[in-house]
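These notes are about the structure you will find just below.
Derivation of every value follows stated rules applied to the coordinates shown; laboratory data play no part. Note that this is a predicted model, so its numbers are computed, not measured. Here the Cβ positions follow ideal geometry from the backbone for every residue, glycine too, while neighbour counts run over all protein chains shown.
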């Protein structure tokens with residue numbers, strides 16, 4: 001089957017493993033890279049549209065200690081939900 005979302009994130013940022021501590025940041029991913037992962041996992045993610053799937057990938061980033069666009073992924077998720085960031 002397809003690799004897990006976490007493995008795709010690590011591959012995109014060139015890091016071997018996610019964070020061990022809750023507040024540790026292991027890397028940074030661009031929104032374009034997140035969108036690429038969301039597209040590749042389209043059939044495996046539960047979100048109805050691109051925004052929901054991107055938010056799922058961002059949630060995985062958050063749990064792994066990976067920032068998006070040098071921000072906490074929660075900030076990017078909030079901007080997508082508010083309509084500030086259009087996908």
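Quickly estimate the mean residue ellipticity at 222 nm for the chain, helices only: each DSSP H run with n ≥ 4 gives -39500 (n - 2.57), and the total goes over all residues, rounded to 500.
-15500 deg cm²/dmol
Please compute the volume of the convex hull spanned by the alpha-carbon atoms of region 1-85 and report it per residue in Å³.
85
Please arrange 29, 85 by how many other C-beta atoms lie within 10 Å of their C-beta, fewest to most.
Listing 29, 85 from fewest to most nearby Cβ atoms yields 85, 29.
Nearest 0.05, what FRET efficiency do residue 43 and residue 70 give at R0 = 35 Å with Cβ-Cβ as r?
Rounded to the nearest 0.05, the efficiency is 0.70.
In what sequence do 35, 41, 86 fall when counting other Cβ within 10 Å, fewest first?
Ascending Cβ contact count within 10 Å gives the list 86, 35, 41.
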